[in-house]
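A.B. asks: Once you've had a glance at the structure underneath, I'll fire off some questions.
The values are calculated or read from the model by the stated rules, or taken from the named source; none is laboratory data. On a predicted model such as this, the values are computed, not experimentally measured, just so you know. Note: ideal-geometry Cβ built from the backbone for every residue, glycine included; neighbour counts use all protein chains shown. These area figures cover heavy atoms from the full protein model, side chains too; ligands, DNA and RNA do not enter into them. Shrake-Rupley method; radii C 1.70, N 1.55, O 1.52, S 1.80 Å.
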Amino acid sequence: MKTQFEKITYVRLSLIAFPLLALTACGGGGDGDGASPAPAAVTPTTTTTTTTTTTDADPTPAPTSLDDLVVDADNALEASYLLTINVDKSSQSRGYFSLCDDYTAQGGGYNVNFDSCLFRGPLSDGKLSKELKIANHESQLIAVIWFYEGQNPQYVEWSYLTDSESQILTMN
């Protein structure tokens, strides 16, 4: 019969030996003996290409690097925009607000993936005022207000307005 000390020692040695064996079994993946196949000889071929050039009014070469990119002067190069959320429900009902980006319209309602919400928060006396930084690719959002008293949720679809300086989502 093994003593308590022998059992503990055996367990510790097993815990050390197993990872070492696993690492050894994986192999080193090193250079080995350095023998690698010689590259195959390539026979050069000559081709004659005839190109026809036409003069465009504004010839723009295809960009080959980031230095070649041309950005329009009115592009602010912003990766996000500021969305102002204003909720002002006249009732004193307690509610919960969600702003999500993954949803589909189904019949007269919506199917919202609430795991995709960009913001969630409670209404305070039927009101919520918040400014959120939203990624530029998020141009279609849905706002949902759930009321604790059992009323049906209220939905508002919101879209980014390209011609507007400020982006505002209002629910009254």
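A.B. asks: Residue 3 versus (1) open to solvent by 80 Å² or more (accessible area, probe 1.4 Å); (2) modelled with pLDDT of 70 or more; (3) among the β-branched types (Val, Ile, Thr); (4) over 37 Å from the mean Cα position of the chain (by Cα): which is the lone unmet condition?
C.D. replies: Every condition holds for residue 3 apart from (1).
A.B. asks: Give the residue, chosen from 96, 148, that is farther than 30 Å from residue 78 by Cα, surrounded by 12 or more Cβ atoms within 10 Å (Cβ to Cβ) and touching a Phe, Trp or Tyr at 6+ places or on another chain (Cβ under 8 Å).
C.D. replies: On the way: 148 fails: surrounded by 12 or more Cβ atoms within 10 Å (Cβ to Cβ).
Every option except 96 fails the conditions.
A.B. asks: Restricting to segment 151-171, and then to whatever is among the hydrophobic types (A, V, I, L, M, F, W, C) and open to solvent by 50 Å² or more (accessible area, probe 1.4 Å), can you tell me which residue is modelled with the lowest pLDDT? Give the steps one after another, and end with the answer.
C.D. replies: Taking segment 151-171 as the starting set, the residues that turn out to be among the hydrophobic types (A, V, I, L, M, F, W, C) are 156, 158, 161, 168-169, 171.
In the following step, the residues that additionally are open to solvent by 50 Å² or more (accessible area, probe 1.4 Å) were identified as 161, 168.
Numbers: 161: 92, 168: 95.
So, considering only residues that are among the hydrophobic types (A, V, I, L, M, F, W, C) and open to solvent by 50 Å² or more (accessible area, probe 1.4 Å), the one modelled with the lowest pLDDT is 161.
For every residue, the table says whether it meets (1) part of a helix (DSSP H, G or I); (2) at pLDDT below 70; (3) of a type in the set (A, V, I, L, M).
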| residue | (1), (2), (3) |
| --- | --- |
| 16 | yes, no, yes |
| 32 | no, yes, no |
| 36 | no, yes, no |
| 50 | no, yes, no |
| 57 | no, yes, yes |
| 72 | no, no, no |
| 91 | no, no, no |
| 115 | yes, no, no |
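A.B. asks: Which members of segment 121-163 meet the condition of being within 25 Å of the chain's Cα centre (by Cα) and of a type in the set (A, V, I, L, M)?
C.D. replies: Correct list: 132, 134, 135, 141, 142, 143, 144, 145, 156, 161.
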